[in-house]
Amino acid sequence: MSLFFFGYFAAMIVATSILVVALRNPVYSALSLLVMFFHVAGLFVTLHAEFLAAVQIIVYAGAILVLYLFVVMILNVKQDDRYHSQWRIAGFVCVPLLIETMILLAGGTGARTTGTQTGLAPAAETIAPDNTLAIGQTLFSTYLFPFEVASLVLLVAMIGAIVLAKREIGEQDNPGPLVQTKVAE
Amino acid sequence: MTIPISYYLILSGVVFLTGVVGVLIRRNIIAILLSVELMLNATNINFVAFSDYFRDLGGQVFVFFALTVAAAEVAVGLAIIIALHRSRSTINIEEFNLLKW
């Protein structure tokens, strides 16, 4: 039964992630990424990470993807989006990576029979039933300093986004292409 | 029955490679940022799978931090895209060759 759920989530994640790369329209790419986020959240639930599944939906699907759609619709991109002209170079990079992954996976299945006793064995104790409580206690005891640094990162990103995207003070009399497209419609 | 950890690694590797291909072949900057999100999600799947495997909550806490960094990256990246679109009125990556050799 768990294998069935894993197969469903994995197939949907792979299919939608390929659609994100393959679709021409950025809005469709963002929407298929939304479907992928929901299935990743489902995969987190099967991995006993319920709090992270909720956070995945709230933050990724609720905040980040809305920001993407907002920018896509502000910029109003209509032109044809072909693939990059350097896709041959991309092929030269990606095909060896793929082959390397295959080799690593093939080697991993061979070494797994001997590697299980050496130190990769799963720990015996079970995860606490209250996932949110356990994460909160870990976050505010062991990882307290990284937590504070993460809040600083968010503050810096907020200030940086405002500084980068705002207009200059004397720029109102010269509307950018953003305003012109809105007026033209 | 339980899922072997290698299945999660294969899934995460496939999603990560899809993201790498997307970053390399797309010309739309927004599609490139979406592919970066794909790569971040692949690492998140890896973290949570190992967190469940080793019964250690550190992996889930690191997914939390990766999510923070993803949010910051999206905010700054989209601000840069808006500034670029304002100065060049395009978001095609091949038009931005000012820093190219």
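Values quoted throughout were computed directly from the atomic coordinates according to the rules given, and no laboratory measurement underlies them. Note that the structure is a prediction, hence the values are computed from the model and not measured. Please note: Cβ atoms are built from the backbone with ideal geometry, for glycine as well, and neighbour counts cover all protein chains shown.
For a modelled paramagnetic label at A:Glu100, 7 Å from Cα along Cα-to-Cβ, the residues of the stretch B:5-33 in reach, with backbone nitrogen under 19 Å, are B:9-25. Where in the stretch B:61-101 is the amide nitrogen less than 13 Å from a point lying 7 Å along the Cα-to-Cβ axis of A:Glu168? Hits in the stretch B:61-101 for A:Glu168 at 13 Å: B:87. Here the spin labels are modelled as points 7 Å beyond Cα on the Cα-Cβ line, and at A:Leu155 and A:Phe140 they lie 2.0 nm apart. Taken over the C-alpha atoms, the stretch B:28-95 has Rg and Dmax values of 15.9, 51 angstrom. Across all Cα pairs in the stretch A:1-82, the calculated P(r) in 10 Å bins from zero up to the longest distance comes to 18, 42, 28, 10, 2 percent per bin.
Whole-Hz Karplus values for the stretch B:62-68 come out as 6, 4, 4, 5, 4, 5, 4 Hz, taken residue by residue from phi with 6.51 cos²θ - 1.76 cosθ + 1.60 and θ = phi - 60°; glycine and proline positions read x. Per residue of B:8-21, other chain Cβ atoms within 10 Å of the residue Cβ number 6 on average. Among A:62-73, A:6-17, the peptide with the highest mean count of other Cβ atoms within 10 Å heads the list, and the full ranking is A:6-17, A:62-73. Summarising the amide proton neighbourhood of B:Arg26: residues at separation of 5 or more, or on other chains, whose placed amide H is nearer than 5 Å comprise A:His84. Fully extending the segment from B:Val69 to B:Glu95, taken as 0.36 nm per residue of separation minus the present Cα-Cα distance, adds 6.6 nm.
Shielding by partners for peptide A:11-21, expressed as the average number of C-beta atoms from other protein chains within 10 Å of each residue's C-beta, is 6. Our estimate of slack between A:Phe4 and A:Ile89, defined as 0.36 nm per intervening residue step minus the Cα-Cα distance, is 26.8 nm.
Peptide A:149-159 shows a mean partner chain C-beta count of 4 within 10 Å per residue C-beta. The HN-Hα couplings worked out from phi for the stretch A:144-155 by the Karplus form 6.51 cos²θ - 1.76 cosθ + 1.60 (θ = phi - 60°) are 5, 5, x, 5, 5, 5, 5, 5, 5, 4, 5, 5 Hz, whole numbers, x standing for Gly and Pro.
Rounded to the nearest 0.05, what FRET efficiency is calculated for A:Ala15 and A:Phe147 with R0 set to 30 Å and r the Cβ-Cβ distance? Approximately 0.25, to the nearest 0.05.
Taking GluC sites (Glu not before Pro) across the stretch A:131-172, the ones in a DSSP loop with at most 15 further Cβ atoms lying within 10 angstrom of their Cβ are A:Glu168.
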